[in-house]
1. Sequence neighbours fewer than 8 away in the same chain don't count; with that in mind, list the lysines whose C-alpha is under 16 Å from LYS88.
2. Which of the lysines could a cross-linker bridge to LYS106, judged by Cα under 21 Å and excluding same-chain residues fewer than eight apart?
3. Provide the packing ranking of 118-124, 143-149, 102-108, i.e. peptides ordered by the mean count of other C-beta atoms within 10 Å per residue, highest first.
4. For region 5-151, what % of the accessible area comes from carbon and sulfur atoms, probe 1.4 Å?
5. Quick one: accessible area per residue over region 5-151, 1.4 Å probe, rounded to a whole number of Å²?
6. So if I place +1 on the C-beta of Lys and Arg and -1 on the C-beta of Asp and Glu, and nothing else carries charge, what would the dipole magnitude of the chain be about its Cα centre? I want it in debye, nearest 20.
7. Just reorder VAL4, VAL34 by solvent-accessible area, largest first, 1.4 Å probe, all chains present.
Amino acid sequence: MVGVLQYVENDMEILLKIKNLLKPNGKLLLYQPVRYKRYLNLLHNFIESYEHYEKEVNIKRLYSEFDLLQLLKSAGYTIDSCKKYAIKIYSISHEIFLVFYIPFVKDHRVAIKLISSFGILGLTPILLILNLIDRMIKVGDNNTVMTIATLSPVNELI
């Protein structure tokens with residue numbers, strides 16, 4: 001599952017259904033936002049001035065890393081690993097990308113689409129480099145985790 005658990009009505013119900021579908025020794029891979037921190041307030045306000053995905057699909061809940069792991073354990077999973085992603089550098093680069101991407105997708109004006117497309121094309125190499133740096137240094141607060149979980153043994157659930 002990639003970044004969808006916060007949009008479903010009943011997260012526990014979904015996790016239990018997936019658990020019932022897993023084969024023995026099957027694994028749940030869950031890439032999930034856990035912090036939702038924005039670093040550049042001016043850009044945040046600009047992004048929020050547009051209708052965008054998170055507004056349109058009506059986010060149901062925000063997770064912390066602790067809450068997400070507790071939810072998985074309560075659903076009967078054992079956490080095999082939990083890796084942190086989207087550290088500050090990547091998160092800032094993603095916010096900058098959204099300043100151009102959202103108007104490109106959502107604004108009907110041709111001039112805005114043109115400016116946005118040049119911004120996306122021009123910044124992509126820089127944003128990719130920032131993403132690589134972020135993955136190498138792994139310092140600071142993370143906004144996302146990749147969790148790998150398996151079914152808990154029956155005696156662990158009792």
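1. LYS37, LYS138
2. Partners within reach: LYS55.
3. So the order, starting with the most tightly packed, is 143-149, 102-108, 118-124.
4. Using a 1.4 Å probe with all protein chains present, region 5-151 comes out at 64 percent carbon and sulfur.
5. 60
6. 280
7. From most accessible down to least: VAL4, VAL34.
The values are calculated or read from the model by the stated rules, or taken from the named source; none is laboratory data. Being a predicted model, the structure only gives us computed values, none of them experimental. Cβ coordinates were reconstructed from backbone atoms using ideal geometry, including for glycine residues, and neighbour counts include every protein chain displayed. Ligands, DNA and RNA are stripped out before the accessible areas are found, and what is left, the full protein with its side chains, is counted by its heavy atoms. Shrake-Rupley method; radii C 1.70, N 1.55, O 1.52, S 1.80 Å.
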